[in-house]
Amino acid sequence: MAFKTRMKVDQIRTLAFGAMLGTYKAVGTALTERTRFVALYNQTNEHVYFSIDGVTDQLIVPAHSFKLLDVSFNKIRNDGYFFAKGTIFYVRTFIGPAKSGSVYVEVIHE
């Protein structure tokens with residue numbers, strides 16, 4: 001049995017340390033497809049919060065680490081959870097301004 005759904009990897013979304021101040025900033029563009037897998041990387045020297053509404057602190061990613069959100073990668077067709085089409089990932093620093101590095105969002109969808 002061959003499945004017709006194929007994995008697609010989106011362009012990496014990124015935001016450099018100088019753009020992160022005390023308020024939320026968008027990391028790249030909105031999702032163009034419903035998304036099963038997201039990896040949030042923080043390669044700055046400060047802890048950061050990620051948000052999908054640009055207001056609420058939802059996920060913390062410590063400095064020089066990452067968070068993997070595999071919400072339904074092993075499901076087929078319409079099973080499992082998805083990040084909605086149009087979702088934008090936002091980031092802000094946890095305490096003070098970052099002095100180096102960037103944050104990245106990797107996305108895989110069907």
Mind sorting out which of (1) 1.03; (2) 1.11; (3) 1.63 is the real Cα Rg over 2.2 N^0.38 Å computed from the coordinates? (2)
Excluding Phe89 itself, calculate the net charge of residues whose Cβ lies under 14 Å from the Cβ of Phe89, where each Lys or Arg counts +1 and each Asp or Glu counts -1. +1
Can you give the net charge of the other residues whose Cβ lies under 13 Å from the Cβ of Gly22, counting K and R as +1 and D and E as -1? 0
Which residues make up the longest stretch of the chain clear of chymotrypsin sites (Phe, Trp or Tyr not before Pro) that lie in a DSSP loop with no more than 13 other Cβ atoms within 10 Å, not counting the sites? 4-72
Stretch in the chain that is longest and holds no trypsin sites (Lys or Arg not before Pro) that DSSP places in a loop and that have at most 10 other beta carbons within 10 Å: 7-76
Lys pairs under 26 Å by Cα in the chain, provided they are eight or more residues apart or on distinct chains: 13
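Read-outs: derived from the displayed coordinates by stated rules, not from any lab. Source: prediction; values computed, not measured. Because the Cβ atoms are built from the backbone with ideal geometry, glycine has one as well, and the counts that use them run over all protein chains shown.
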